[in-house]
1. 7 Å from Cα along Cα→Cβ at both D121 and F3: what's the point-to-point distance in nm?
2. What length, rounded to one decimal in nm, is gained on full extension from K214 through to I259, with 0.36 nm per residue of separation minus their alpha-carbon distance?
3. Order R68, R39, most accessible first, counting only protein heavy atoms with a 1.4 angstrom probe.
4. Given labels modelled 7 Å from the Cα in the Cβ direction, how far is it in nm from V165 to F80?
5. At a 10 angstrom cut-off on C-beta neighbours, averaged per residue, how do the peptides 4-12, 259-267 rank from highest to lowest?
6. Given a 1.4 angstrom probe, what's the average accessible area per residue across the stretch 124-221, in square angstrom?
7. Number of Lys-Lys pairs in the chain under 30 Å by Cα, sequence gap 8 or more or different chains?
8. Rounded if a/c is under 1.5, else prolate if a/b is larger than b/c, else oblate: which is the stretch 146-225, with a ≥ b ≥ c the root eigenvalues of its Cα gyration tensor?
Amino acid sequence: MQFEVLVSIILLIYGSIIGSFLNVVIYRTPQKEQVVKGRSHCMSCEHTLAWYDLFPIFSWVFLGGKCRYCKVKISGRYAFVELLCGISYIIAFLVLGFTLSLLFAVVLFPVLICLAFLDLDTGEIEYWCPLTIAGLGLVALVLSLAGTLESSWHSHLLGAVVVSVPFAILAFFGAMGGADVQLMAAAGLLLGWNIVPAAFTGIFLGAIVGIIIKLRSSADSNERIPDDDAPALKGTVLRFGPCLAIGIAVGFLYGDQLINWYFSLMSVH
């Protein structure tokens, strides 16, 4: 128990550091700014931040959510992304343990976080997100061929098409974006059959968010928000990327359990 607590603390710290970098990626990518180069600065006064202003989570808390120099409020989303990445690592460790799958999670979860928030901000899924996930899928395929992973190699290939093909048909009729198809094909290559519960989770969440959007839009029909600026719960636009990202994370962590649970229900009937 003490060992798990120690590892969880380490993963929280490490994950929050990665989350701090994710904030840079999420902010600078739409601005077409360099991600790796350039010092962090306040978006209001442009003052270069000192090293003691950049402690993940803690700096935001200690500064009261304000810039040290101009006192302008800093969005709590920065601390949330850092905390989210750290917690995702802890959950992955508790579910997967010290396994090869945990190494995949260390790369996958930050990509999913970036994908979700970039889609919320811009309405687009950056191509490098599904490409990175596809790269992980190719590694998983090779390891399966080598017998290192328990999953079979053909499950990864089938996973790449079993959901992406129906999504492609929906995209053809305008019900889904092409980037969503690419994302699910890449995720299917990584998850194998677990892409099925991942897709159902994403679709279910998307349906809930869509209902909320419709209700809010009906309640406030006089106030129109431009689609290009609308986050997931504003206007009439559904950002499907975050829903799919959550679904992929759920499928990666709990896909086998969900599939077994479903078949156990089928066997009862």
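The values are calculated or read from the model by the stated rules, or taken from the named source; none is laboratory data. All values derive from a computational prediction rather than experimental measurement. In this analysis, Cβ positions are derived from the backbone assuming ideal geometry, glycine residues included, and neighbour counts consider all displayed protein chains. Protein only, heavy atoms only, side chains kept; ligands, DNA and RNA dropped before computing areas. Shrake-Rupley method; radii C 1.70, N 1.55, O 1.52, S 1.80 Å.
1. Result: 4.0 nm between the two label points.
2. Details: separation 45, 0.36 × 45 = 16.20 nm, distance 3.14 nm.
Extending this stretch completely gives an extra 13.1 nm.
3. Numbers: R68 95, R39 150 Å².
Of R68, R39, the descending order of accessible area is R39, R68.
4. Placing both labels 7 Å along Cα→Cβ, they lie 3.9 nm apart.
5. Numbers: 4-12: 14.4, 259-267: 10.3.
In decreasing order of mean packing, 4-12, 259-267 become 4-12, 259-267.
6. On the way: 5150 Å² over 98 residues.
Averaged over the residues of the stretch 124-221, the accessible area is 53 Å².
7. Total qualifying Lys-Lys pairs in the chain comes to 11.
8. Details: a/c = 4.03, a/b = 2.51, b/c = 1.60.
Prolate.
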